[in-house]
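In what follows, a structure is listed as structure tokens, so that the remarks can point back to it.
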Amino acid sequence: MASDVSEIESQSIAVSDADQPADERYLVPALIRGLKILSTLSDESSKLTLSEVAASLGVTRSSAYRLLYTLGHLGFVEYDARTKNYALGPQVLTLGYGYLASRDIIDVATPHLVRLRDRTGWSAHLGELHGREVVYLARVATRRPIASTVHVGTRLPAHVTTMGRILLSAMSDRDIRELYHDDITKPFSLKPFAGVEELLERIGADRANGVVVQNAGYEPGIASVAAPIHDVTDRVVAAINVSAIALYTSEDELDGPLKTEVLTAAAAISRDLGQRVTAPSLGFNGAMSARS
């Protein structure tokens with residue numbers, strides 16, 4: 001055994017070069033088959049039945065089932081009982097963290113924002129925290145004749161907007177105090193809050209709720225619901241919201257169906273960014289520093 005290890009360590013193995021002949025003594029057939037399943041399922045819109053998986057591997061259905069069961073148990077494969085098809089599971093995303101870190105969050109979020117707009121009937125937005133402001137990165141406008149006035153690139157005060165508040169709640173109280181520390185050369189108003197401590201009380205409640213619901217707060221006549229977006233490390237990296245006309249909605253709708261839809265969309269975006277499915281969908285596991 002020791003001689004085998006020494007031999008492996010003495011070899012210069014270019015694992016990324018598929019043209020190099022492999023030493024079959026060190027290949028694990030079951031692992032190769034499992035990875036081949038993932039590679040086959042990674043084709044665009046690829047979904048396979050148990051028989052199709054077995055045929056692609058050249059193994060029996062029982063052998064294919066054991067491989068699929070293992071991959072499914074680990075979250076790399078999902079089974080649709082209705083269609084009896086297998087597809088890639090969200091856990092595959094964790095393998096490509098380096099790729100995900102450079103992937104454009106706007107591209108990931110946009111289909112979900114479109115779905116959120118269609119399901120609620122109201123404009124849906126994606127935002128990021130930059131210093132004391134929330135910056136709108138994406139907007140899917142409502143089809144109603146009356147819509148919100150914000151556009152991509154709009155900057156709004158974080159402490160009075162739903163997306164801003166949910167993003168601030170991912171920060172520690174210490175970081176928030178530092179962020180809003182009054183500078184003589186850069187005076188800043190915390191209205192409607194009397195000061196930082198009052199703001200921290202509100203942010204603390206937002207942190208506990210994991211969602212912000214606001215009716216006619218920052219902008220008169222506009223109601224909004226916001227939820228956080230987590231990445232593969234469970235860090236809060238952005239937020240989404242829907243903005244509705246207050247006259248056409250109610251507190252019950254805001255705190256009921258609309259909140260549910262926003263939380264569902266936020267969870268779906270977070271999954272697509274690689275957040276582990278076992279992570280909690282509400283609340284925060286770590287502090288996020290404000291971006292300047």
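The values are calculated or read from the model by the stated rules, or taken from the named source; none is laboratory data. Since this is a predicted model, take the numbers as computed values, not measurements. Cβ coordinates were reconstructed from backbone atoms using ideal geometry, including for glycine residues, and neighbour counts include every protein chain displayed. Surface accessibility is based on the protein's heavy atoms, side chains included, excluding ligands, DNA and RNA. Shrake-Rupley method; radii C 1.70, N 1.55, O 1.52, S 1.80 Å.
The single residue among Leu179, Leu137, Leu129 that is touching an Asp or Glu at 6+ places or on another chain (Cβ under 8 Å) and not small (Gly, Ala, Ser) turns out to be Leu137. If you go through region 138-155 and keep only what is part of a strand (DSSP E or B) and surrounded by fewer than 17 Cβ atoms within 10 Å (Cβ to Cβ), you end up with just Arg155.
Between Ala246, Ala268, the distinction of being surrounded by fewer than 24 Cβ atoms within 10 Å (Cβ to Cβ), modelled with pLDDT under 95, at negative phi and in contact with a helix residue (DSSP H, G or I) (Cβ under 7 Å, 6 or more places away or on another chain) belongs to Ala268 only. Annotation: of all residues in region 1-28 being loosely packed, with under 10 Cβ neighbours inside 10 Å and at pLDDT 70 or above, the one that is nearest to Gly75 (Cα to Cα) is Val28. Among the residues that make up region 161-168, is at least one of them in a helix (DSSP H, G or I) and surrounded by fewer than 15 Cβ atoms within 10 Å (Cβ to Cβ)? The answer is no; no qualifying residue exists. Looking at Glu197, Glu201, just one residue is under 16 Å from Gly164 (Cα atoms), open to solvent by 30 Å² or more (accessible area, probe 1.4 Å) and in a helix (DSSP H, G or I), and that residue is Glu201. Of the residues Val150, Val140, Val160, Val108, the single one that is aliphatic (A, V, I, L, M), closer than 23 Å to Gly221 by Cβ and out of contact with any strand residue (DSSP E or B) (no Cβ under 7 Å at 6 or more places or on another chain) is Val160.
Just one residue in the set Asp175, Asp234, Asp206 is under 17 Å from the mean Cα position of the chain (by Cα), among the charged types (D, E, K, R), over 15 Å from Ser123 (Cα atoms) and open to solvent by less than 60 Å² (accessible area, probe 1.4 Å); that residue is Asp234. Which ones in region 254-264 are closer than 17 Å to Arg117 by Cβ, open to solvent by 10 Å² or more (accessible area, probe 1.4 Å) and touching a strand residue (DSSP E or B) at 6+ places or on another chain (Cβ under 8 Å)? Lys259, Glu261, Leu263, listed by residue number. The number of residues in region 48-88 that are within 29 Å of the chain's Cα centre (by Cα), more than 18 Å from Asp272 (Cα to Cα) and charged (D, E, K, R) comes to 3.
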